[in-house]
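The values are calculated or read from the model by the stated rules, or taken from the named source; none is laboratory data. Bear in mind the structure is a predicted one, so any value in this text is a computation, not a measurement. Every residue, glycine among them, receives a Cβ derived from its backbone with ideal geometry; neighbour counts consider all protein chains shown.
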Amino acid sequence: MVFEYAPAPESRSVVSFDSSYGLFIDGEFTDGAGTTMKTINPATEEVLSEVSVAGEEDVDRAVAAARKAFEKVWSRTPGSERAKYLYRIARILAERSREFAVAETLNNGKPIRESRDVDVPLASAYFFYYAGWADKLDHAGFGPAPRPHGVVGQVIPWNFPLLMLSWKIAPALATGNTVVIKPAETTPLTALLFADVLRQAGLPPGVVNILTGAGPTGAALVAHRGVDKIAFTGSTAVGKGIARAIAGTRKVATLELGGKAANIVFDDAPIDQTVEGIVNGIFFNQGQVCCAGSRLLVQENIHDELVERLKVRLGTLRVGDPMDKNTDVGAINSAAQLQRITDLVQAGEDEGAIRWSLDCGIPTNGFWFRPTLFTGVSQSHRIAQEEIFGPVLSVITFRTPAEAVAKANNTPYGLSAGIWTEKGSRILWMADQLRAGVVWANTFNKFDPTSPFGGYKESGYGREGGRHGLGPYLVEGTTR
Amino acid sequence: MTRTTAGAPPALRPWHRSAAEVAATAAGIVGTDSLTSANLGRYLHGLPGVDKVGADARAGMLSTRSIKTSAKAWALDAIISMIDLTTLEGADTPGKVRSLVAKARTPDPSDPGCPRPAAVCVYNDLVPVALEAVAGTGIHVAAVSTAFPSGRASRAVRLADTADAVSAGAHEIDMVIDRGAFLAGDYARVFEDIVAVREVCRSRPEPAHLKVILETGELVTYDNVRRASWLAMLAGADFIKTSTGKVNPAATLPVTVLMLEAVRDFAALTGVSVGVKPAGGIRGSKQAVHYLVAVNEVAGETWLDPELFRFGASSLLNDVLAQRRKLTTGAYTGPDYITID
């Protein structure tokens, strides 16, 4: 290679993890009653720290602290005051952005380019955005004086640990709720660093409590009688379990679950930007994105050309050390996830789809999967139906707009979709037909605090972000 | 510095193509022998569109690449070897041109190993002065012809202008297209202009190398940039160049990325590799490095060669020299340690 980019590693000296972390309850780190677990860097398998596994009594303590904070402090704090705390959090996150980006990359395996340019700036932006709403809730369209639910139990996934935390905590605090949040089992560290941001911002104790642990901790939080509302982002299977667990109780929930998005390309699409959009749609965050454009629906007459261009473009992707600023594709988050990807890709090959993987070196330690695309895929293949949650693209063809709509909607999911065409009228017509919460036109995987996000069908219910994101955290006010 | 010269065999280098070959290629691509404005327009407007938001985002991503240590050292030397060191002022004198050539001959007097720029770029009337000064160095002399920078003159005048430079011995001709004709949809006129200038370039045994300046700042839309790039390549341009440097905006990274996509696609279609030259406004090393990143990742490493990529610049060289010294000494020297001619 003529122009070989020398390694440009980000320094990890900007972040220091404690050797072990307790549970953040009532403004203090306290020891958990249960066991502990190790959390690792998925790119190297190095142990980064040890965190507590919260048991039922820890959940009790956290919920009690949140209840006390809600009743004594937070529900009595005017919106304009709550806004100040949120603005402070947003600013501190922005000031400490480098530290959080490095921490996120170390614990998640995502490239520093993405944590630096996407995750952390967006996390800060969500706090800024919801800070603006905190004193305007009476005018948000939820009745004259909407009220908070009380204590909110939140469970977030491992693919965007800090960003999902901000999506959950910012609207909850803006609306006057208090929070008990459980970060994912494999990626608790930025949430634990966030506890320090809360203290720096002077947030009253108990308003936000952070419990680490795995599935059972989340289940205990969801089932707890003191929790008024649940907010969950994660797999459809777990989401269904949550819906069952709270059925018949007074609890309300928003569930943001899996997806199998169609990224639909017409023959008049802006071809070079489309190729970029496809790459961003499925290889962003190693494809571990619930709204990833994992099904590429291509108009048949440009299939060969587009696939050829895509392969050339994939040849320039740089796979490897996530801490290198020039890395485009980092590590898969866990051994379990890598296994799931491997199994589904095997199923794709077994069912007769044609596999093409990027020919690139990958590190020996850690969890890695080469960017992969399948051609010759039809709707009946498992790789076209099941969420792979990895850097694997399935290419399907269509001939007419109606066929594209039918195939795009032919999935149990309905979180997102993309349309690529130069024809504006077709974009509007398609967007109207697609049963998906977000439809991107000539772009993909773009997030903004002002824009609502959420799914149809098995992709869940409720919306996060924008004005719509306030609704699930409020009980509608009525005129007295 | 190592550089591959592999890639297209010499016979495919565009400046060796005859007029008949160029015409045959163009007719084959457009699908007709009668290259009228209507036929050319149908073809150019049938090219895939460009989404501005996406194109800007792609350029933005390319400029986040972090080029350090050995990669930076390679890039700085490559940049120098790709520079067309330029002086295009009404006040240019023979003395000024000789100084410019002296700078090109010895960019860094303290380091004989420093590479030389590819060419010096001057106004037509100063070609003889520049040619005399570059003798024996391998540095090319490029002349801006065809009523540079506006191009607002009759074809006869523009051809005579070109003939002046070609007969004086200029190695490379930087011509401007008639942006007015392009914007009016008179594609055949632009096409024929380029073909005619090209014929003048070929009027001697060793043809002058033709760079076609699109003046992308005046074409405004990215769709126009793509169409103009293809029109120039169809007409046999050896290089497509963004700007004269006299109009704002001059070269931008998104526009250069679009042009790199165009030459990549043209090469895939015809086997002919056309060069790209961003010009105007590229002053910093870091900025120039990001252009090289774009070349590397968009058109591919074949284009990382002065035969296929150039920078039109006047002040870029000194910033690169300062960065180059910083890499060897570990510290920045002051501006007085770099010569200013």
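Counting only strands (runs of 3 or more DSSP E) that sit completely within segment A:381-480, those holding 2 or more residues that are closer than 14 Å to A:ARG295 by Cβ and within 14 Å of chain B (Cβ to nearest Cβ) correspond to A:416-420.
Could you please let me know if A:LYS168 is touching a residue at least 40 places away in the same chain (Cβ under 8 Å), among the basic types (Lys, Arg) and assigned to a loop (DSSP other than H, G, I, E, B)? The answer is no for A:LYS168. Determine whether B:PHE266 is in contact with a helix residue (DSSP H, G or I) (Cβ under 6 Å, 6 or more places away or on another chain) and among the aromatic types (Phe, Trp, Tyr). The answer is yes for B:PHE266. Inspection of segment B:39-60 finds no residue satisfying the criterion of being among the small types (Gly, Ala, Ser) and at pLDDT below 95.
Can you name every residue in segment A:252-273 that is buried (at least 20 other Cβ atoms within 10 Å of the Cβ) and outside any strand (DSSP E or B)? A:LEU257, A:GLY258, A:GLY259, A:LYS260, A:ALA261, A:PHE266, A:ALA269, A:PRO270, A:ILE271, A:ASP272, A:GLN273, listed by residue number.
When B:ALA268, B:ALA262 are checked against the criterion of being among the small types (Gly, Ala, Ser), crowded, with 24+ Cβ neighbours inside 10 Å and over 12 Å from the mean Cα position of the chain (by Cα), a single residue qualifies: B:ALA262. Within the bounds of segment A:156-164, is there any residue that is within 15 Å of A:ALA90 (Cβ to Cβ) and either without any contact (Cβ under 8 Å) to a residue 12 or more places away in the chain or touching a strand residue (DSSP E or B) at 6+ places or on another chain (Cβ under 9 Å) (or both)? So far as segment A:156-164 goes, no, none of its residues is within 15 Å of A:ALA90 (Cβ to Cβ) and either without any contact (Cβ under 8 Å) to a residue 12 or more places away in the chain or touching a strand residue (DSSP E or B) at 6+ places or on another chain (Cβ under 9 Å) (or both).
Among the residues of segment A:446-464, just one is among the polar types (S, T, N, Q) and buried (at least 23 other Cβ atoms within 10 Å of the Cβ), namely A:SER459. Among the residues of segment A:54-81, those identified as closer than 16 Å to A:PRO216 by Cβ and part of a loop (DSSP other than H, G, I, E, B) are A:ALA54, A:GLY55. Within segment A:28-53, being in a loop (DSSP other than H, G, I, E, B) and closer than 13 Å to A:LEU192 by Cβ holds for one residue alone: A:GLY32. Restricting segment B:162-206 to residues that are farther than 24 Å from B:ALA24 by Cα and of a type in the set (Ser, Thr, Tyr), the residue that is farthest from the chain's Cα centre (by Cα) is B:SER167. Just need a number here: residues in segment B:292-307 that are more than 7 Å from every other protein chain (Cβ to nearest Cβ) and outside any loop (DSSP other than H, G, I, E, B). Number satisfying all stated conditions: 7.
For every residue, the table says whether it meets (1) among the charged types (D, E, K, R); (2) within 25 Å of A:GLY234 (Cβ to Cβ); (3) out of contact with any Phe, Trp or Tyr (no Cβ under 9 Å at 6 or more places or on another chain).
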site	(1), (2), (3)
A:ASP272	yes, no, yes
A:GLY287	no, yes, no
A:ILE302	no, no, no
A:ARG309	yes, no, yes
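Filtered by the rule that a residue be part of a strand (DSSP E or B) and either away from chain B (no Cβ under 14 Å) or at pLDDT below 95 (or both), segment A:319-336 gives a lone residue, A:VAL319. Residue count for segment A:311-343 satisfying the condition of being in contact with a strand residue (DSSP E or B) (Cβ under 7 Å, 6 or more places away or on another chain) and among the hydrophobic types (A, V, I, L, M, F, W, C): 5.
In segment A:420-465, which residues are without any contact (Cβ under 8 Å) to a residue 24 or more places away in the chain and closer than 30 Å to A:GLY241 by Cβ? Within segment A:420-465, A:VAL439, A:SER451, A:PRO452 qualify. For segment B:65-95, the set of residues classified as surrounded by fewer than 21 Cβ atoms within 10 Å (Cβ to Cβ), within 14 Å of chain A (Cβ to nearest Cβ) and of a type in the set (Gly, Ala, Ser) consists of B:SER66, B:SER70, B:ALA73, B:SER81, listed by residue number.
One residue stands out among those in segment A:1-34 that are in contact (Cβ under 8 Å) with a residue 40 or more places away in the chain and hydroxyl-bearing (Ser, Thr, Tyr): the one that is farthest from the other protein chains (Cβ to nearest Cβ), which is A:TYR21. Do we have any residue at all in segment B:241-257 that's within 12 Å of another protein chain (Cβ to nearest Cβ) and over 27 Å from B:PRO149 (Cα atoms)? Within segment B:241-257, none of the residues are within 12 Å of another protein chain (Cβ to nearest Cβ) and over 27 Å from B:PRO149 (Cα atoms). Only one of A:ALA253, A:ALA269 is of a type in the set (A, V, I, L, M, F, W, C) and away from chain B (no Cβ under 14 Å). Can you tell me which? Answer to the check: A:ALA253. Quick one: A:GLU276 ticks every box in (1) away from every other protein chain (no Cβ under 14 Å); (2) of a type outside the set (A, V, I, L, M, F, W, C); (3) assigned to a helix (DSSP H, G or I) bar one, so which box is it? Failed condition: (1). Would you point out the residue of segment B:38-64, among those that are surrounded by fewer than 21 Cβ atoms within 10 Å (Cβ to Cβ) and basic (Lys, Arg), that is nearest to the other protein chains (Cβ to nearest Cβ)? Out of the qualifying residues, it is B:LYS52. Being surrounded by fewer than 23 Cβ atoms within 10 Å (Cβ to Cβ), of a type outside the set (S, T, N, Q), at pLDDT 95 or above and more than 20 Å from A:GLY293 (Cα to Cα) is a description that does not apply to A:GLY376. Only one of the listed residues (B:VAL157, B:VAL176) is more than 29 Å from B:LEU76 (Cβ to Cβ), out of contact with any helix residue (DSSP H, G or I) (no Cβ under 8 Å at 6 or more places or on another chain) and either buried (at least 17 other Cβ atoms within 10 Å of the Cβ) or modelled with pLDDT under 95 (or both). That residue is B:VAL176.
Just one of (1) surrounded by fewer than 19 Cβ atoms within 10 Å (Cβ to Cβ); (2) out of contact with any helix residue (DSSP H, G or I) (no Cβ under 6 Å at 6 or more places or on another chain); (3) not in a loop (DSSP other than H, G, I, E, B) fails for B:ARG152. It is (3). For segment A:73-114, the tally of residues that are without any contact (Cβ under 8 Å) to a residue 60 or more places away in the chain and either out of contact with any Lys or Arg (no Cβ under 8 Å at 6 or more places or on another chain) or among the aromatic types (Phe, Trp, Tyr) (or both) stands at 10.
Quick check on B:ALA119: is it small (Gly, Ala, Ser), farther than 15 Å from B:PHE311 by Cα and out of contact with any Gly (no Cβ under 6 Å at 6 or more places or on another chain)? Spelling it out, it is not the case that B:ALA119 is small (Gly, Ala, Ser), farther than 15 Å from B:PHE311 by Cα and out of contact with any Gly (no Cβ under 6 Å at 6 or more places or on another chain).
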